[in-house]
1. Does segment 60-80 contain any residue that is small (Gly, Ala, Ser), at pLDDT below 90 and either in contact with a helix residue (DSSP H, G or I) (Cβ under 8 Å, 6 or more places away or on another chain) or outside any loop (DSSP other than H, G, I, E, B) (or both)?
2. Quick one: which residue in Phe209, Phe250, Phe243, Phe227 is under 16 Å from Tyr69 (Cα atoms) and either at pLDDT 90 or above or surrounded by 13 or more Cβ atoms within 10 Å (Cβ to Cβ) (or both)?
3. Which members of segment 165-190 meet the condition of being within 16 Å of the chain's Cα centre (by Cα) and not hydrophobic (A, V, I, L, M, F, W, C)?
4. Looking only at segment 167-196, which residues are in contact with a helix residue (DSSP H, G or I) (Cβ under 7 Å, 6 or more places away or on another chain) and either part of a helix (DSSP H, G or I) or farther than 22 Å from Leu36 by Cα (or both)?
5. Which residue pairs have Cβ atoms closer than 9 Å, lie 6 or more positions apart in sequence or on different chains, and pair a first residue in segment 127-145 that is on the phi > 0 side of the Ramachandran plot with a second residue that is surrounded by 18 or more Cβ atoms within 10 Å (Cβ to Cβ) and outside any loop (DSSP other than H, G, I, E, B)?
6. For segment 82-130, which positions are of a type in the set (Val, Ile, Thr) and assigned to a helix (DSSP H, G or I)?
7. Would you check which residues across segment 197-243 are more than 24 Å from Ala141 (Cα to Cα), among the hydrophobic types (A, V, I, L, M, F, W, C) and not in a helix (DSSP H, G or I) and list them?
8. Kindly establish whether Ser24 is outside any loop (DSSP other than H, G, I, E, B), more than 26 Å from His213 (Cα to Cα) and of a type in the set (Gly, Ala, Ser).
Amino acid sequence: MNSVAMLENQIKYINKAFWRNPASAFFTFSFPLMFLVIFTSLLGHHSIEIQPGHSVDISTYYVAAMAAYAVVTACYNNIAMGLAFQRDSGVLKRTRGTPIPSGIYILGRLLHALFVAVILVIITAAYGKLFYHATLPTGTALFEFLVMLIVGSLTFCALGFAITVVIPNADAAPAIVNASMLPLLFLSGIFIPITSTAPSWLIWIAKVFPVYHFAWGMKSGFLGTPFDWMHVVIVAAWGLGGFLVSFRFFSWEPKR
């Protein structure tokens, strides 16, 4: 069997395993929409000033923010916790003992996460357009949005692999994954809008991490703000760092 056929079979297997865990699949797909409805219901449909002289409807802001959140959930949270549980149960160790090359297995996980992330973004954007009349990216903005979506998805997949290095066991996975990501979601304007009056020190801290740059790269097409390619560069750099850490320290066997 050639590499392409092995990769195709691996993706099919991962996809079946994903959908055969209906609770995980349900919350993966429902959380972005649930948060979108909650935040827009609580905060109303007024305008907020995200940059000096540039205001947008808060519902459009949250459609873009929840699209970014969906990618982080599908690529970072799901991969990190899924790998931690599979490593603890011995699945990863047994997988490495099969004829499937390690690279095929990892690539299969990446491509499946990317597929789920894209579907989540499409659903979130369609929901926002249908119920909130959100502005969707078109033309050049759509191309920039897709570039950020792909680069960001691969980056958070790589970081999901990397964070497993510090996860000692499956029981600790949810706490470590959420503790490493939840504060960044607030700092980066996912759950609470970053307006032009936000403290400069908070913005400075947020800019150190990739979530801020990914979120603003994703939101540019929705909000009509200028797209900054430096966001893509910084997110890609974090992805490269995550890949190098994973390549050097990733463990296929349970930690004792």
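1. No, segment 60-80 contains no residue that is small (Gly, Ala, Ser), at pLDDT below 90 and either in contact with a helix residue (DSSP H, G or I) (Cβ under 8 Å, 6 or more places away or on another chain) or outside any loop (DSSP other than H, G, I, E, B) (or both).
2. Phe209
3. Pro174, Asn178, Ser180, Pro183, Ser188, Gly189
4. Result: Ile167, Asn169, Ala170, Ala173, Pro174, Ile176, Val177, Ser180, Met181, Leu184, Leu185, Leu187.
5. His133/Asp57; His133/Ser59; His133/Thr60
6. Within segment 82-130, Val91, Thr95, Ile104, Ile106, Val116, Val118, Ile119, Val121, Ile122, Ile123, Thr124 meet the criteria.
7. Once the filter is applied, which keeps residues that are more than 24 Å from Ala141 (Cα to Cα), among the hydrophobic types (A, V, I, L, M, F, W, C) and not in a helix (DSSP H, G or I), segment 197-243 yields Ala198, Val208.
8. yes
The values are calculated or read from the model by the stated rules, or taken from the named source; none is laboratory data. Keep in mind that what you see is a predicted model, and the values were worked out from it rather than measured. Neighbour counts are summed over all protein chains in view; Cβ atoms, including those assigned to glycine, are modelled from backbone coordinates with ideal geometry.
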